[in-house]
Amino acid sequence: MNSLKTKVFSGFLSATLVSASLSHVPAAFSITCNNDTRSFQCLDQTGGDLWEQGSSHAPKHANNDERETSSSQAGNVEDAEAYRRWYGEHHHGNLGFAHDKSGANKLFRFDVANDGSYCVSRDGRVGQYKEFTDDGQAKPVGETITNHLFGDTCTLNDPEAAQQAQSEYERIITEMHTHLLELIPAHPHLILDSAHPPHTSKGEETNFYTILEGSSNIFEGDLPIGHTRIRAVPVAYRYEYGDGHDLKTHSAGSPVSSQHSGQPLHETSTSYAYPQVGNFHAYVTVTYAGQYSIDGGPWQFFGTEITRISEPVLVRVWESEVHSVGKTCTEDPGARGCPGHAEEPDVENPNPQLRKVDVYTGQRWHLDDVGVGDSEGRLHPTWPNM
């Protein structure tokens, strides 16, 4: 950390204290800062990143372009560099002592947040910062003093108290998680949005969408953090089309087939074009995330998720064939294309055989695993074959 940056940030440090470096931030880096009190800015001489005092997160690039990386490793390096710069912008070095509450286990030098709200020891522990005058009298944080060498202190947080706080936090999260699992989220129903469900055509976009029936319950009660409400909200959808292909999205989809009556359906955010004919079981899995609200405050996520799976939806995928015939079906009921033909499929088959085994039940027919009522079994002796 160069002396210019430390001097500008502290504003009141003596020449001796200016030489103190940040003890917790990684390797040194070069920063040039202006001292305009109206708009404090620093420029990284190597990277060209523009920072403003008070910024709490990532840097703004001078040209506002987003930096792209070619690999996750490069992204991690950039994140580390950005954090290092952020830390340097929001902390300054101090030549006082960090110690525990008893005053023991002193460590020389620590870093201080520029607003004096906390301090960080050389081994990365956080504590309370206090400035002292030369006569040893404590003074409010932020007042300007000179030559206060070695008098400032960083009283590190009590590990036992921190552990108790962490345990209490984990207990509350566990209780919130339990209440979330007790809720009954709205049940998902997958809708096959075709002109004549369950039928659709090979190679044409077939639209699906999800509706949620029933309202998600809301837990309401008093927890140690206050009067708490907990609910489950849908945040993600996984569409499984039954032939091995799926789609993960944040969209529930919407009905569109009525807008394209008699015309091929255009691709939607949840549609799928089946590449092969067959009978398939499609599903949608909805992921619900937990949210909580304290004392009427805004809803916030707390990292717990639950999932619900729809019932299977039968999809029958067809392709058209054209043949020349010499008679009508009345004249020759057994002709190709007529109901009496040996290879004619039955569009009203109540229990068609699946071309791919149901991924959740393992059954090979729409209604069961033995084919009761299947009127087309003779047509697909090798199914399931996917």
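Readers should treat all values here as calculations from the given coordinates under stated rules, not as data from a laboratory. Remember, it's a predicted structure, so these values are computed and weren't measured experimentally. When we count neighbours, we look across all protein chains shown, and the Cβ atoms used for this are built from the backbone with ideal geometry, even at glycine.
Quick notes on this one:
- Burial ordering of CYS119, CYS329, fewest other beta-carbon atoms within 10 Å first: CYS329, CYS119
- In summary, the aspartates and glutamates within cross-link reach of LYS101, defined as a Cα separation below 20 angstrom excluding same-chain residues under 8 places away, comprise ASP111, ASP123, GLU131, ASP152, ASP158, GLU160.
- When region 321-386 is described by a simple charge dipole with +1 on each Lys and Arg Cβ and -1 on each Asp and Glu Cβ, the residue from ASN349, THR382, GLN363 located farthest towards its positive end is THR382.
- Considering all C-alpha pairs of region 261-316, those separated by over 17 Å amount to 65%.
- By the count of neighbouring beta-carbon atoms within 10 Å, fewest first, GLU348, GLU131, GLU305 end up ordered GLU348, GLU305, GLU131.
- Exposure proxy order (Cβ contacts within 10 Å, fewest to most) of ASP115, ASP100: ASP115, ASP100
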